[in-house]
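A short worksheet on the structure shown next.
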Amino acid sequence: MTAIETTALTKRYGDTLAVDDLALSISEGVVYGFLGPNGAGKTTTMRMLTGLVRPTSGSGTVVGADITDRDGLRPHIGYLPEEPPLYDHATAYEQLEYAAGLRDLPSAPARERIDSLLDRLGLSSDDAATRIEDYSKGMRQKVAFVQAVLHEPDVIFLDEPTSGLDPRAARTLRELVVELATEGTTVFLSTHILPVVEEVADTVGILYDGELVAEGTPTDLQQRAETGETRSLEDAFLELTTDTDEQSTNSTDSAIGEEKTDG
Amino acid sequence: MAEAGWLGHAARMGWFDYRRSVRAIRDDTGRFLLLAGGVLVPTLLVTGFAFLFAPEVRGADLDVSMNATIRGFVAMFWFFAVFMLAQRTTAAHSEPVAESFALTTVSARTAVVGGIIAESLRVFSYALPIGLLGTLGTAYAFNSVVSLLLIPLIGGLYVVSAVVAGRVVGYVAAWLVARVPFFARHETALGVIIVALFFGVYFLFQMPMLPISLSTALLGVVPLGWVADLLVIGTPIEWSVTYATGGLIAAVAVVVGGGWFAERIATSLWFDEPVDVSTDSDERKSVRAEGRGALAGAISPLGVPVVTGPTRTVAEWALLRARREPQRLNFLLIPVFGIGSAVVNLVLQGDGSVAVVGPAVAVAGGWIASAAFGLNPLGDEGSVLPITLTTVSGRAFVRGLITPSLLFLPVVATVTLGAAIGGGYAWLPAVGVALASCFLSIVGAVVAPLIGMRFPRFSAIRIGNSDEVRPPGLLAGILHVLLVWVPGVALVGLIAAPQLVQLAVSGAGYVPGFAISLVASGGGLADLAELLSDGGAAIQAIPLATFRLGFGGLLIGGGVLVAWSAYRRAVHQFDAYEPY
């Protein structure tokens with residue numbers, strides 16, 4: 001069954017075309033790696049899919065709920081934006097119980113889940129009873145991740161989720177992402193850390209200048225790379241997100257360089 | 001140690017900071033208009049005085065000499081400026097702008113002096129029109145060329161000395177809060193006491209009609225007031241060389257000595273570790289272990305009864321936010337101080353004016369309860385706003401914002417009842433006034449989220465060292481005050497002084513009618529003037545009991561309708577809000 005579906009999804013800010021005619025079809029339980037250079041339209045796409053921004057044209061659904069119907073979307077989605085959305089003056093316990101209360105989750109099971117997730121991510125009860133203003137960036141990221149998955153959403157949107165995490169915590173988070181997908185949650189993962197995508201994503205979509213320029217499994221995309229001794233997702237990404245003009249200029253430069261070296 | 005060329009760096013920092021604050025004011029229309037009004041009104045007054053009196057003074061044979069009262073007035077104004085500037089320092093400037101950049105790039109001395117330069121430029125901007133007029137007026141009236149040079153120079157020194165002293169006091173206060181556990185724990189309470197004490201003493205000097213008052217001449221011994229003698233050099237006003245020299249030395253000493261001390265205290269404030277007074281972590285864990293929620297435990301002993309689900313959670317959160325960051329409620333003090341001083345004035349004028357206290361408490365108390373929690377709901381969310389929008393429905397969010405105000409209804413009613421009975425009202429009208437205050441609270445609380453959402457404040461105006469604390473926008477505050485206070489005064493007035501309200505309402509016809517009749521020479525305008533005057537007369541002719549019932553019903557019915565409409569619109573506004 002399809003978890004996320006968009007048709008000709010377009011967002012314009014004045015004269016700027018942020019997302020152009022985007023067509024996505026993402027199945028349930030899939031980890032979808034969403035790649036693109038800065039300014040490609042990834043965050044705008046996520047904002048449209050989470051109902052925070054209305055599309056200029058086109059349509060989309062998330063687990064059957066129209067993306068312009070925020071009430072319909074709310075129960076199904078979790079969202080972790082790039083900046084951890086937390087209140088500095090609260091403790092992690094207070095913040096997470098607040099999020100659970102807003103979702104109307106039963107208190108006791110919500111507390112158990114909070115404890116379990118915090119424990120899994122290495123945050124002690126001492127840490128969780130401390131105000132967030134005293135947290136490191138990584139600790140904030142962990143609490144924000146717990147907040148996003150607390151209600152066991154059908155689809156979770158993660159924007160740079162491993163940002164600021166130490167290698168151990170980043171690995172734990174990657175494992176959690178895979179676990180969530182195994183349990184049936186669809187994970188829409190936007191990141192610049194390509195090895196993370198290579199490791200956890202089932203499907204990768206590459207957005208460039210608001211357009212989806214490639215989509216497939218990481219292996220498919222690696223095969224498309226024309227350069228590099230060992231083809232990697234990074235090679236594919238760089239080739240797919242370079243202007244044709246720029247590419248030809250780079251090739252010419254490189255040719256000139258070779259000539260000079262040779263000469 | 002300061003780096004080489006620190007003064008040039010400080011000047012550059014100060015200019016950059018000043019330009020940044022000018023841009024911020026330009027972008028905030030409400031704030032800009034308020035500041036412009038604050039500059040324009042006294043400037044117009046001074047212009048008026050200059051036009052009236054300067055030609056009279058010019059050429060007249062004056063026999064005036066500088067005295068202790070004038071010097072005391074200058075000193076009192078200096079103290080007032082220092083207090084206000086110190087408040088600004090603790091509230092918004094206890095750290096340099098872009099602190100981590102500034103303190104890793106320049107020395108503490110540069111940062112301190114840069115801050116002083118920026119603040120001085122801001123004060124000069126406000127004072128420029130009036131200062132210019134004063135200088136030109138004095139030079140013209142006394143035929144004194146020296147004044148053209150001396151007044152700007154000495155005035156500038158006076159301003160800079162106040163800015164430096166304000167910085168020193170502000171840094172010391174911030175340092176005490178950062179280093180001394182007692183001050184850190186009781187910051188808010190101590191702040192309120194200091195403000196109350198300062199204004200208490202200030203009123204003693206300002207209001208000679210008080211039973212115990214102080215003469216401004218007492219402050220004539222303060223050397224900063226002696227700069228008055230310097231300002232009149234070159235005019236026929238007799239001045240003292242001793243006082244003038246003393247004033248100059250004092251002002252220079254404050255600038256140099258204060259700057260030296262400001263650098264030292266700021267260095268300690270910025271680079272040393274603050275004390276940790278967060279001893280309640282264990283308590284928080286034990287609350288959770290007992291099975292109570294962390295959120296419920298955090299607002300204890302307060303609680304949110306009756307309501308459940310997300311509405312209750314939002315209400316608990318609003319209470320927690322106000323408790324953890326009480327600085328966000330500072331904006332409530334401004335109108336309350338305004339009405340408070342007006343009421344004190346009325347009472348001091350005697351003859352039963354104490355009766356005004358009950359109605360004043362009804363309006364002010366009702367407003368405070370209604371404005372405290374929901375006047376900047378989107379800005380309060382800060383970076384969490386996208387998550388809040390995707391987590392909770394508009395209905396639950398808005399109801400949750402209204403609920404905390406309703407929790408304070410018993411307090412508002414009790415205080416108002418006490419004030420009304422204390423003011424000499426019988427039980428029945430006193431209860432009426434108390435009920436009116438509750439009604440105002442409810443309507444104000446329901447209206448607040450819509451106003452706050454329409455005029456949100458997102459900018460990080462730093463209050464109490466927190467970029468997260470965002471007081472409501474100025475326009476939102478003004479609009480809410482008008483919407484609650486104007487009908488509120490009328491409603492309470494219908495109980496306390498119905499004749500006065502009837503007169504005021506009929507004036508809505510009489511006054512414009514009269515004004516139009518002055519310019520109308522017949523035709524449509526004259527008809528309109530007559531119509532308005534007839535309307536006023538008709539209102540005045542209504543029997544008082546009927547007027548009370550009719551106008552009271554109109555106010556209450558109107559309030560209910562406005563509240564209902566505002567609630568629905570606020571829910572829609574939240575549900576449709578796009579944060580990007």
Quiz item: What is the one condition in (1) open to solvent by less than 50 Å² (accessible area, probe 1.4 Å); (2) in a strand (DSSP E or B); (3) closer than 20 Å to residue A:181 by Cα that residue A:25 does not satisfy?
Solution: (1)
Quiz item: In this structure, is residue B:6 more than 30 Å from residue B:214 (Cα to Cα) and modelled with pLDDT of 85 or more?
Solution: yes
Quiz item: Which ones in region B:50-69 are closer than 23 Å to residue B:240 by Cα, open to solvent by 60 Å² or more (accessible area, probe 1.4 Å) and not aliphatic (A, V, I, L, M)?
Solution: B:58, B:59, B:61, B:63, B:67, B:69
Self-check item: Test result for residue A:141, within 22 Å of the chain's Cα centre (by Cα), crowded, with 19+ Cβ neighbours inside 10 Å, within 12 Å of chain B (Cβ to nearest Cβ) and closer than 29 Å to residue B:325 by Cβ
Solution: no
Quiz prompt | Positions within region A:42-54 being more than 8 Å from chain B (Cβ to nearest Cβ) and open to solvent by less than 10 Å² (accessible area, probe 1.4 Å), in sequence order | solution = A:45, A:46, A:48, A:49
Quiz item: Can you tell me which residue in region A:55-97 is nearest to the other protein chains (Cβ to nearest Cβ), limited to those that are aromatic (Phe, Trp, Tyr) and more than 14 Å from residue B:389 (Cα to Cα)?
Solution: A:93
Exercise. Could you please find all residues in region B:88-126 being surrounded by fewer than 17 Cβ atoms within 10 Å (Cβ to Cβ) and of a type in the set (Gly, Ala, Ser)?
Key: B:92, B:98, B:100, B:125
Self-check item: Single match in B:92, B:118, B:98 (criterion: at pLDDT below 85 and within 19 Å of residue B:165 (Cβ to Cβ))
Solution: B:92
Quiz prompt | Every pair of residues 6+ apart whose Cβ atoms lie under 6 Å, when the first sits in region B:58-71 and is more than 19 Å from residue B:205 (Cα to Cα) while the second is open to solvent by 50 Å² or more (accessible area, probe 1.4 Å) and not in a helix (DSSP H, G or I) | solution = B:62/B:236; B:65/B:238; B:66/B:239
Practice problem: Working carefully through the options B:253, B:217, find the one that is open to solvent by 30 Å² or more (accessible area, probe 1.4 Å), at pLDDT below 95 and in a helix (DSSP H, G or I). | Solution: B:217
Quiz prompt | Qualifying positions in region B:380-397 - closer than 19 Å to residue B:444 by Cα and buried (at least 21 other Cβ atoms within 10 Å of the Cβ) | solution = B:380, B:394, B:396, B:397
Quiz item: Of the residues that sit in region A:98-120 and are touching a residue at least 40 places away in the same chain (Cβ under 8 Å) and facing chain B (nearest Cβ under 7 Å), which one is surrounded by the fewest Cβ atoms within 10 Å (Cβ to Cβ)?
Solution: A:103
Quiz item: Of all the residues that make up region B:545-580, how many are among the aromatic types (Phe, Trp, Tyr), more than 14 Å from every other protein chain (Cβ to nearest Cβ) and closer than 17 Å to residue B:401 by Cβ?
Solution: 2
Quiz item: Got at least one residue in region B:165-178 being among the aliphatic types (A, V, I, L, M), at pLDDT below 95, buried (at least 19 other Cβ atoms within 10 Å of the Cβ) and not in a helix (DSSP H, G or I)?
Solution: no
Practice problem: For residue B:29, work out the one condition from (1) under 26 Å from the mean Cα position of the chain (by Cα); (2) at pLDDT 85 or above; (3) open to solvent by 40 Å² or more (accessible area, probe 1.4 Å) it doesn't fulfil. | Solution: (2)
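The values are calculated or read from the model by the stated rules, or taken from the named source; none is laboratory data. Because the structure is predicted, anything quoted here is derived from the model rather than measured. Heads up, the Cβs are rebuilt from the backbone with ideal geometry, glycines too, and the neighbour counts pull from every protein chain shown. Only protein heavy atoms, including side chains, enter the accessible area calculation; ligands, DNA and RNA are left aside. Shrake-Rupley method; radii C 1.70, N 1.55, O 1.52, S 1.80 Å.
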